[in-house]
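One structure is given below, encoded as structure tokens.
Please treat every number below as a calculation from the coordinates, not as lab data. Small disclaimer: the values here were computed from a predicted structure and weren't measured. Backbone-built Cβ (ideal geometry, glycine too); neighbour counts: all protein chains shown.
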Amino acid sequence: MIVETPEPILGWWSPDPRGILPLDQLRVTRSLRQSAKRFDIRVDTRFEDVIRACADPSRESGWITPEFIAAYTQLHALGWAHSIEVFDRDGTLAGGLYGVRVNGFFAGESMFYHRRDASKVALMALVDLMRETGMTLLDVQWRTEHLASLGAIEIAREEYLSRLSAALG
């Protein structure tokens, strides 16, 4: 007899090793620094638009469901989830990222871009804001080649949990 179980609405992942981006190791090239001058940065003004852009069904490996959007939009309304938005000179949302902040910890969930370098500029802005506010841990979940090119590294679960504990304070 086969017993079917419903699929979970939201999955939870705890990779080991874990991807993080040490705030002092963000790699910003000269061309990226120049590119950043073409954009304006805002925080938490278009959260739902950012998460919906990250959920674009045409993106490869899409995983952000309507239920996920609803849950994170509620977390945003409660002050836990945040977005960094990047606008082009015409005022169009060009890229961004979102995640969850708890004390000195930010768990980056996803990022997107419609204009070249816009997601990288959002990451630069996030790291700057984290440094300015004394935050210490930027969790990127997995070290992808793209994130590695920006300075992301992998650490073992034991080290991650130690850094997480310190960041949560």
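A few notes on this one:
- In Å, descending, principal axis extents of the Cα set of the range 16-70: 39, 34, 22
- Here the Karplus curve 6.51 cos²θ - 1.76 cosθ + 1.60, taken at θ = phi - 60°, turns the phi angles of the range 70-84 into couplings of 4, 5, 6, 5, 5, 4, 5, 4, 7, x, 9, 9, 9, 10, 10 Hz, with x standing for Gly and Pro.
- For the chain, a Gaussian network of Cα nodes joined below 10 Å ranks 56, 90, 128 by mean-square fluctuation, and the top entry is 90.
- Most mobile of 80, 13, 63 in a GNM of the chain (Cα contacts under 10 Å): 13
- Think of each Lys and Arg Cβ as +1 and each Asp and Glu Cβ as -1; about the Cα centre, that makes the dipole of the chain roughly 760 debye.
- Helix-only [θ]222 nm of the chain, DSSP H runs n ≥ 4, -39500 (n - 2.57) each, per residue, nearest 500: -10000 deg cm²/dmol
- Sequence-distant residues sharing a close amide H with residue 95 (under 5 Å, placed H): 86, 114
- When 51, 84, 69 are sorted by how many other C-beta atoms sit within 10 angstrom of their C-beta, beginning with the fewest, the order is 69, 51, 84.
- Max mean-square fluctuation residue, GNM over the chain, Cα-Cα springs under 10 Å, options 91, 19, 99: 91
- Ratio Rg/Rh [Cα only; Rh per Kirkwood] for the chain: 0.98
- Gain on full extension, evaluated as 0.36 nm per residue between residue 132 and residue 149 minus their Cα-Cα distance, stands at 3.8 nm.
- Theoretical gain in end-to-end length, residue 25 to residue 65 [0.36 nm per residue, Cα-Cα removed]: 11.2 nm
- Residue separation of residue 114 and residue 157 scaled by 0.36 nm, minus their Cα-Cα distance, works out to 12.1 nm of gained length.
- Normalised by the number of residues in the range 8-124, the mean separation of alpha-carbon contacts (under 8 Å, six or more apart) gives a relative contact order of 26 percent.
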